[in-house]
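Since the structure comes first, as structure tokens, the remarks are kept for the end.
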Amino acid sequence: MTTLATGQFERIAEIAMQRWGLNLTDRKRELVANRLAKFLGTSPFEDATEYLKHLANDANEEDMLVFFDLLSTNVTSFFRERQHFDYLEREFYTPLARGNTTRPGRRIRLWSAGCSTGPEPYSLAMHAMEHLPDLDSWDFKILATDLSNTAIEEAKIAMYPKKMLENLDGALVRKYFRRGDGSNEGTVKIAPHIHKLVSVRRLNLMDPWPFRGPFDVIFCRNVMIYFDQPTRARLVSRMYDLLGPGGILAVGSAETLSGLNSKFRTVQPSVYVK
């Protein structure tokens, strides 16, 4: 096991904050040390000191993204935190399906910010297909972004262990997934008509965003837990500006906009409207 001296962990935390806005407190020290030890065991670096020297002097962008993967955690599942999907069904898709809302054109844009390996944006796509019967007649797109190279590549491939579907309704599985065979036995792949609704891109939320919106819905769930209060406030303000009037922001159930001086209106726990 690799042990991290105080100065080494402080340097790691400094890099994480400067580059990605991650707030690594001392409580993460053991986790970081364990992941670093696993990485060093298969790397050309002798120890943490040599690796940190490399990051400081010789690392390119790809090296830094490998380092980011050491620090980040990709925990995800299909239809996670179902209450957010229930809100979208009730307050967004049902009025659209009934023609009870006025929209300029037939354009719908969703953003899954911090999409991990993809179950969230693909869940959003399946959910829209279920609750907006004429979805094909809409200009409907989902943007899915994450910083992790590993997560992004998995999201693009959209192939998952079959056990991830254990809690999903069988009808959903039959409609929206395809079973793997041969060397892919025990896996499932997102069906093509769902896959094409999602565009997966790598994005550092701290950087300028290469899109203007407006978005109708933003899911930024269990992302802000990694940031300090000023970083959260800046991120929420930028998302507010990117949403159209009445736009919806969903954050993780353990997250809140309280104390961020946000202009959002709370409509239910962890769901906000512009």
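Here are some notes:
- Filter pass, Ser123 being at pLDDT 95 or above, assigned to a strand (DSSP E or B) and of a type in the set (Ser, Thr, Tyr): no
- Val66 satisfies every condition listed in (1) out of contact with any strand residue (DSSP E or B) (no Cβ under 7 Å at 6 or more places or on another chain); (2) part of a helix (DSSP H, G or I); (3) more than 21 Å from Lys156 (Cβ to Cβ) except (3).
- The single condition from (1) out of contact with any helix residue (DSSP H, G or I) (no Cβ under 7 Å at 6 or more places or on another chain); (2) touching a residue at least 40 places away in the same chain (Cβ under 8 Å) that Leu110 fails is (1).
- Filter result for Pro133 (over 22 Å from Met239 (Cβ atoms), in contact with a helix residue (DSSP H, G or I) (Cβ under 8 Å, 6 or more places away or on another chain) and of a type outside the set (A, V, I, L, M, F, W, C)): yes
- The range 208-230, residues that are under 17 Å from the mean Cα position of the chain (by Cα) and closer than 13 Å to Leu260 by Cβ: Cys220, Met224, Phe227
- Of the strands (runs of 3 or more DSSP E) lying entirely inside the range 207-274, those containing at least 2 residues that are without any contact (Cβ under 8 Å) to a residue 60 or more places away in the chain and touching a helix residue (DSSP H, G or I) at 6+ places or on another chain (Cβ under 9 Å) span 243-251, 271-273.
- Leading residue by the ranking (farthest from Met239 (Cα to Cα)) among those in the range 108-120 that are of a type outside the set (Val, Ile, Thr) and assigned to a loop (DSSP other than H, G, I, E, B): Gly118
- Residues located in the range 149-187, provided they are touching a helix residue (DSSP H, G or I) at 6+ places or on another chain (Cβ under 6 Å) and surrounded by fewer than 12 Cβ atoms within 10 Å (Cβ to Cβ): Gly186
The values are calculated or read from the model by the stated rules, or taken from the named source; none is laboratory data. Computed from a prediction, not measured in an experiment: that's the story for all the values here. We place every Cβ from the backbone using ideal geometry, glycine too, and count neighbours over all the protein chains shown.
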